[in-house]
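Heads up: the structure comes next, in C-alpha cells.
The values are calculated or read from the model by the stated rules, or taken from the named source; none is laboratory data. The shown structure was predicted, so the numbers you read here are calculated from the model rather than taken from an experiment. We place every Cβ from the backbone using ideal geometry, glycine too, and count neighbours over all the protein chains shown.
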Amino acid sequence: MHGFPMRQSNLLALSLAALLAAGCTRESATPETAAPAANPEPAAMPAVAAETDEHSYAQPDKVKTTDLALDLRIDFASKQIAGTATYTLDWLDKAATQLVLDTRDLTIDKIEGQTGAEWTPLQFALAPADNTLGSKLTIETPARHAKVRVTYKTSPQASGLQWLEPSMTAGKKTPFMFSQSQQIHARSWVPLQDTPRVRFTYTAHVTAPENAMVLMSADNDPNAARDGDYTFTMPQKIPSYLLAIAAGDMVFEPISARAGVWAEPSMAKPAAAEFADTEKMMTTTETLYGPYRWGRYDILVLPPSFPYGGMENPRLTFATPTVIVGDQSLVSLIAHELAHSWSGNLVTFSSAKDAWLNEGFTSYVENRIIESLYGKERADMENVIERNELAVEYKELDPKLQALALKPDALPDPDGSSSATVYTKGAWFLQFLEERFGRDNFDAFLRGYFDHYAFQSIATATFVDYAKANLLAKYPGKVTEAELEEWIYQPGVPASAPKVQSQRMGLVDAARLAWLGSHKLPLPAFTSKWTTQEWVHFVEGMPETLKLEQLKQLDDAYKFTGTANGEIAQRWYPLTVRSGYADARPAIGEFLQGIGRRKLIMPTYEALAATTDGLAFSKEIYAKAKPGYHPITSGSVEKVIAEAKPKPSPAPAATPAPVTDDAAPPASG
Ligand SMILES: [Zn+2]
C-alpha cells in the first residue's frame, strides 16, 4: 500500500479506540469457545506455529486453503456481491473437525462439503461481530472434505468495497465499484482465512451489467470483450489481502507489451502518459532483484475517492488519480506499488505486526528505482521529505509503535500501524545496511532473500536469522547484532542512521528563510525549475502560522490556493487554516469534496477541527463530501470531528508568529 494516512494526533486516538474494540473480542469470544468441546489437539504443533496472527480467527496450522474458486454476481442497484466461494483444503491436522473462516457483515445462506461428486450441507455457526475482527465463521467438517463451498452475499456497507453512483465518476454515466482488502477487509466481501499466513491460487467467474468492465488482481486480458461475463485466473499463490476486484466503465491504454493502464475513458491517455516510464521501472527492478514473476503489470486508475495512494494488487495496481499531475513528479507511487511485486507480494509478512517487511523493503526499493530513473538528487529529496515527516510524527507517537517488529499487543487494529515506522524507518534501516555492507553486497543479499522466501509469508524473526547468517556472519565487522536489534526492536531512530544531504532542499530552505526575513521571494528563474518535492519542502518548512499578507503574497506569486497538486494542497491548506486566512476557504471546500485520499485530506480536517469556526465549516463540508468518500475515509473524518476539542477561532496573526519547536523548519542535512 502507499501511505497509511494517520498523522500523530488521530493515530493515538485510533489506537485507544482499537484497544477498546479489542476488549470486545475477548468478551464475544467467551460464549462460543465453550461450544465445540470434542476437538482433540494435535500432539505437536508444526514449526510455523510460532508465527501467529492476532487479526484472524483462522487456524491455518490445522487446515489451509490452497485454492479459492469464486462465482459472483455484482449488483449495483443493491450494492451487493452475491455468489459462492469454494475452497480446496489441505488438512494438516488429521484430527481436525472444523474449518474456521473470517467474515464481516456477510449473510451466509448455505455451506456444503463435497464427498465424491455429491455436495452435502454442513452445520455452521456465525459468532457475534467483533468491531475490529468481524464474525468468526465455524464450519463443522467431521469428514475433512477436500472442498467446501459457501453461498453468501455482502452487505451494502461492506468495509472492503466502495460503490460509487455515476455522479461520483469522471464519466458520470456508469456506476463504479472497487475493493480495498488490506489489511483485513477481504473478509467483508469473501468469507476466507483472512491472514497472510495462508497463500492460495484463485479463479473467478463474475457477472455484472453488460456495460461494466470487471477486473481482478489476476490475468486481465487487455482485449477482453465487454459483455458482462468474465473469468479470471490467478495462478500464483497470494495472501488474502491481495484479492481485488473493480467494475465500471474502464478502458485499456497500453504502455508497453506487458504494461498498461485501465481507467475511465477520459483518464486513460493522460494516465498512460504520466506512467510512461513503467516499463523502464520494471526492467530496472529486474536488473536489481531478478525477473518480474507475475506476467502483466497493469495500473488501474480509480475515481478520486480511492482512500489510499495505491494498492499493490498483483498484476493490477490500484492507484489514486491524484498522482497524475502532468510532470511525472509523483510517479514514485508507481515505483512503490511495482516494487511490491518483489517485497510484499512475493515475500510477505505473516501478520500486520511485521508490516515493515512489506512496506519498509518496498520503500527502499522504490527509492532505488527513483534513483536509477531520475537521479540521486530526486531520490535524496524524497528521503528528506519522508524523514522530516517521521521526525514530526515521532514527537507524539506511542513508542510501542516505533519498533519495526511490533509486539502482539501494540497493534489491536491492523490498520493502526505508523506509516513513519513501517515505511520510512523500515527503508532507513535497509539504507543503513546498504551503507555498511556496500551496495553490491547488499543488492546481492536482497536478491537472494527475495528468491529464498519467494511466495512465502514470514515474520521478522525469520528475516533476522537470515540477515545474521547472510550478512552479519558473511561480512564480519560491519554491523553488530546489537545494532541490528536496536533498529528492529527499539523505538526511535538509532544514532547509526545514515544522514541524507540534499543540496536542492538546502537551497529551498535558504529561499524560505530569506523570504521570512525580508519578504523578498526567490527569483522566478530559480523557482521555475522547482519540482513538486521542492514546493512541498518550501511549504512544509514554514512556521506554524503566517501573517495574512504573507499568505496573500505567496498566493499571488504561486497560486497555492486552488492548486491541482494534492501534495502541495495537503500542506498549504492546514497552514492557511491555522493562520485564519479566510480567502482559502472556498478552495478548501472544493478540495475536500473533490478527493477522498485520506493522506491528502486528513491534515486539513485536523487543522479545521482545532477551532470552533473551523469545526463548523468542516462539518458543513463533510456533509456534502460524504457520499463520495470511501467508508475508510468517512470513518477517519468522523473520528476527527467527534473527538475535536476546538478552541475559539484565532484572530488573524498580526505580528510574526513565534517559530515554536513544532514549526521549526525541517533540516535537510
Ligand atoms: Zn506499500
Report task. Determine the pairs where a residue that is among the hydroxyl-bearing types (Ser, Thr, Tyr), located within segment 176-188, has a partner that is in a strand (DSSP E or B) with Cβ atoms under 6 Å apart, the partner being 6 or more residues away or on another chain. Result -> Ser179/Leu161; Ser179/Ile245
Query - Verdict on Gly309 being more than 19 Å from Ala186 (Cβ to Cβ) and in contact with a helix residue (DSSP H, G or I) (Cβ under 8 Å, 6 or more places away or on another chain) - result: yes
Report task. Could you run through segment 253-267 and say how many residues are assigned to a strand (DSSP E or B) and either at positive phi or crowded, with 19+ Cβ neighbours inside 10 Å (or both)? Result -> 6
**Report entry** Answer from Phe450, Phe432, Phe437 - the residue that is surrounded by fewer than 21 Cβ atoms within 10 Å (Cβ to Cβ), without any contact (Cβ under 8 Å) to a residue 60 or more places away in the chain and either more than 24 Å from Trp294 (Cβ to Cβ) or touching a helix residue (DSSP H, G or I) at 6+ places or on another chain (Cβ under 7 Å) (or both)
**Finding:** Phe437
Query raised in the report: Which residue pairs have Cβ atoms under 6 Å apart, sit 6 or more places apart or on different chains, and have a first residue in segment 404-423 that is more than 14 Å from Trp487 (Cβ to Cβ) and in contact (Cβ under 8 Å) with a residue 24 or more places away in the chain and a second that is within 16 Å of the ligand (Cβ to nearest atom) and among the hydroxyl-bearing types (Ser, Thr, Tyr)?
Result: Tyr423/Ser363
Requested in this report: Could you please give the count of residues in segment 313-331 that are within 11 Å of the ligand (Cβ to nearest atom) and out of contact with any strand residue (DSSP E or B) (no Cβ under 6 Å at 6 or more places or on another chain)?
Outcome: 0
Requested in this report: Would you mind stating whether Pro239 is buried (at least 16 other Cβ atoms within 10 Å of the Cβ) and closer than 23 Å to Ser188 by Cβ?
Outcome: yes
Requested in this report: Could you please give the count of residues in segment 175-210 that are crowded, with 21+ Cβ neighbours inside 10 Å and β-branched (Val, Ile, Thr)?
Outcome: 5
Query raised in the report: Filter segment 252-286 for residues that are among the charged types (D, E, K, R) and touching a residue at least 24 places away in the same chain (Cβ under 8 Å); which is farthest from Met213 (Cα to Cα)?
Result: Lys280
**Report entry** Every pair of residues 6+ apart whose Cβ atoms lie under 6 Å, when the first sits in segment 308-324 and is part of a helix (DSSP H, G or I) while the second is away from the ligand (no atom under 12 Å from the Cβ) and among the basic types (Lys, Arg)
**Finding:** Thr322/Arg597
Query raised in the report: Residues of segment 475-484 being surrounded by 14 or more Cβ atoms within 10 Å (Cβ to Cβ) and either among the acidic types (Asp, Glu) or in contact (Cβ under 8 Å) with a residue 24 or more places away in the chain (or both), which ones?
Result: Tyr475, Lys478, Val479, Glu483
**Report entry** Residues of segment 455-474 that turn out to be among the small types (Gly, Ala, Ser) and surrounded by 15 or more Cβ atoms within 10 Å (Cβ to Cβ), as a count
**Finding:** 3
Query raised in the report: Does any residue of segment 129-140 turn out to be buried (at least 21 other Cβ atoms within 10 Å of the Cβ), among the small types (Gly, Ala, Ser) and in contact with a Phe, Trp or Tyr (Cβ under 8 Å, 6 or more places away or on another chain)?
Result: no
Requested in this report: Considering each of Leu404, Leu397, Leu373 in turn, give the residue that is of a type in the set (A, V, I, L, M, F, W, C) and within 16 Å of the ligand (Cβ to nearest atom).
Outcome: Leu404
Report summary line: If you go through Asp409, Asp415, the only one that is within 16 Å of the ligand (Cβ to nearest atom), more than 24 Å from Glu540 (Cβ to Cβ) and not in a strand (DSSP E or B) is Asp415
Report summary line: Among residues of segment 211-220 being modelled with pLDDT of 95 or more and outside any strand (DSSP E or B), the residue surrounded by the fewest Cβ atoms within 10 Å (Cβ to Cβ) is Asp219
Query raised in the report: Which is of a type in the set (S, T, N, Q) and without any contact (Cβ under 8 Å) to a residue 40 or more places away in the chain, of Thr52, Thr115?
Result: Thr115
Query raised in the report: When you scan segment 258-275, how many residues do you find that are farther than 15 Å from Glu337 by Cα and either hydrophobic (A, V, I, L, M, F, W, C) or within 16 Å of the ligand (Cβ to nearest atom) (or both)?
Result: 7
Report summary line: Note on segment 332-361: residues within 13 Å of the ligand (Cβ to nearest atom) and of a type in the set (S, T, N, Q) are Ser332, Ser341, Ser343, Asn345, Thr348, Asn358
Query raised in the report: Since Ile238 meets every condition but one in (1) farther than 20 Å from Ser363 by Cα; (2) within 16 Å of the ligand (Cβ to nearest atom); (3) modelled with pLDDT under 95, which condition does it not meet?
Result: (3)
Report task. Give me a count of the residues in segment 300-312 that are more than 14 Å from the ligand (Cβ to nearest atom) and either under 22 Å from Asp451 (Cα atoms) or among the β-branched types (Val, Ile, Thr) (or both). Result -> 1
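Is it the case that Ile601 is farther than 15 Å from Thr320 by Cα, hydrophobic (A, V, I, L, M, F, W, C) and in a helix (DSSP H, G or I)?
no
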Requested in this report: Output the residue which, of all residues in segment 180-214 that are hydroxyl-bearing (Ser, Thr, Tyr) and touching a Pro at 6+ places or on another chain (Cβ under 8 Å), is farthest from Thr233 (Cα to Cα).
Outcome: Thr195
Requested in this report: Residue by residue through segment 255-277, note down the ones that are out of contact with any helix residue (DSSP H, G or I) (no Cβ under 6 Å at 6 or more places or on another chain) and under 30 Å from Phe200 (Cβ atoms).
Outcome: Ala257, Arg258, Gly260, Trp262
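Condition check ((1) among the polar types (S, T, N, Q); (2) surrounded by fewer than 24 Cβ atoms within 10 Å (Cβ to Cβ); (3) closer than 28 Å to Phe275 by Cα) across all residues:
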residue	(1), (2), (3)
His336	no, no, yes
Ser343	yes, no, yes
Leu346	no, yes, yes
Val365	no, no, yes
Leu373	no, yes, yes
Arg387	no, yes, yes
Ala410	no, yes, no
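Table: residues versus (1) more than 26 Å from Asp61 (Cβ to Cβ); (2) within 16 Å of the ligand (Cβ to nearest atom); (3) part of a loop (DSSP other than H, G, I, E, B).
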residue: Ala420; (1), (2), (3): yes, yes, no
residue: Gly426; (1), (2), (3): yes, yes, no
residue: Arg436; (1), (2), (3): yes, no, no
residue: Asp440; (1), (2), (3): yes, no, no
residue: Ala454; (1), (2), (3): no, no, yes
residue: Phe463; (1), (2), (3): no, no, no
residue: Pro476; (1), (2), (3): yes, no, yes
